[in-house]
1. Where residues in the range 173-195 are under 11 Å from the mean Cα position of the chain (by Cα) and part of a helix (DSSP H, G or I), which of them is surrounded by the fewest Cβ atoms within 10 Å (Cβ to Cβ)?
2. In the set 78, 139, which member is surrounded by 20 or more Cβ atoms within 10 Å (Cβ to Cβ), modelled with pLDDT under 90 and farther than 20 Å from residue 57 by Cα?
3. Scanning for something of a type in the set (Asp, Glu), touching a Leu at 6+ places or on another chain (Cβ under 8 Å) and in contact (Cβ under 8 Å) with a residue 40 or more places away in the chain, does the range 109-119 turn up at least one residue?
4. Filter the range 15-56 down to residues that are of a type outside the set (Asp, Glu), in a loop (DSSP other than H, G, I, E, B), under 13 Å from residue 73 (Cα atoms) and open to solvent by less than 80 Å² (accessible area, probe 1.4 Å), then give me how many there are.
5. Determine which member of the set 88, 161, 67 is farther than 26 Å from residue 182 by Cα, open to solvent by less than 50 Å² (accessible area, probe 1.4 Å) and either touching a helix residue (DSSP H, G or I) at 6+ places or on another chain (Cβ under 9 Å) or in contact (Cβ under 8 Å) with a residue 40 or more places away in the chain (or both).
6. Can you tell me which residues in the range 111-136 are closer than 19 Å to residue 98 by Cβ and modelled with pLDDT of 85 or more?
7. List the strands (runs of 3 or more DSSP E) inside the range 65-171, counting only whole elements, that have at least 3 residues being farther than 24 Å from residue 14 by Cβ.
8. List every residue pair whose Cβ atoms sit under 6 Å apart, with the two residues 6 or more apart in sequence or on different chains, where the first one lies in the range 15-44 and is closer than 19 Å to residue 197 by Cβ and the second, anywhere, is part of a loop (DSSP other than H, G, I, E, B).
Amino acid sequence: MPDPDRVPKTREEALRFAREVVAEPESWGAGYVRSSPYKSGPRRTSVLGEDCVWKQRALPSSEFVSVVRRSELPAEDGKGTLRVTAVVTVHRDTASAEWKMARILEEPLRCPDQQLDATERITGLRSGGDPFQGRRDVGDDFLQETGRVHGGPPGGPHPYVWAVTRIGSVTVGAAVKGSEGHDVAAVQTVGARGTANMSATAELLLEERK
């Protein structure tokens, strides 16, 4: 559990913290490059509407910042482009972060099919809580969504995963969109690695913060 005295308490502190934690291309592994657009946030976030369509909205008052970085592994050796998105959100308190996790867990129940943007949608979404039942090395809470993404690289639909870990008042998430040659297991492995790396960095910074 993070030391409360070491948790960011202002928007400026939260922004510095999130920028240190969020995964950039080299964080995912060899060969990853920046996607376009690469950055979004820190004062806007994506919200799932009642119509099951994702929209950009101003950050809620319960959150200091939400930082997003998009990367990809270019197509090579018969495999299509693998697209990844890293999201780090610093909440004003732990209760807000816990509520965020509960909302993420509920969204696939309300909207198993979701429209991401004008060209891409996700179908058959399922969400699950902590498969480790508290026996994790990093983080206080974990959940994962899985489904199929349509409208991206040829040959779809392809596997999709959204994995999120909470560390106190911080949530870190990794979304992975598969493509030809990247099966469900590969996509889930990339998502788990992304959240684990960011979670470890977040915990280290919280332990070191003076």
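The values are calculated or read from the model by the stated rules, or taken from the named source; none is laboratory data. Only a predicted model underlies this, so the values are computations on that prediction, with no experimental measurement involved. Quick reminder, even Gly has a Cβ in these numbers, built from the backbone with ideal geometry, and neighbours come from all protein chains shown. Side chains included, ligands, DNA and RNA excluded: accessible areas come from the protein's heavy atoms. Shrake-Rupley method; radii C 1.70, N 1.55, O 1.52, S 1.80 Å.
1. 192
2. Working: 78 fails: surrounded by 20 or more Cβ atoms within 10 Å (Cβ to Cβ).
Exactly one residue qualifies, and that residue is 139.
3. Pass one, the range 109-119, residues of a type in the set (Asp, Glu): 113, 117.
Checking which are touching a Leu at 6+ places or on another chain (Cβ under 8 Å) leaves us with 113.
Retained after the next criterion (residues that are in contact (Cβ under 8 Å) with a residue 40 or more places away in the chain): 113.
Scanning the range 109-119, I find at least one residue that is of a type in the set (Asp, Glu), touching a Leu at 6+ places or on another chain (Cβ under 8 Å) and in contact (Cβ under 8 Å) with a residue 40 or more places away in the chain, so the answer is yes.
4. The first filter runs over the range 15-56 and keeps only residues of a type outside the set (Asp, Glu), leaving 15-19, 21-23, 25, 27-49, 52-56.
Next, from what is left, pick out any that are in a loop (DSSP other than H, G, I, E, B): 22-23, 29-32, 41-43, 49, 52.
Next, from what is left, pick out any that are under 13 Å from residue 73 (Cα atoms): 29-32.
Cutting the leftovers down to open to solvent by less than 80 Å² (accessible area, probe 1.4 Å) gives us 29, 31-32.
Residues that pass the stated criteria total 3.
5. Numbers: 88 fails: farther than 26 Å from residue 182 by Cα; 161 fails: farther than 26 Å from residue 182 by Cα.
Just a single option satisfies the conditions, and that option is 67.
6. Of the range 111-136, the ones closer than 19 Å to residue 98 by Cβ are 127-134, 136.
127, the sole residue that qualifies.
7. Numbers: elements: 82-91, 121-128, 141-150, 158-167.
Result: 121-128, 141-150, 158-167.
8. Listed by first residue and then by second, the contacts come to 17/8; 25/32.
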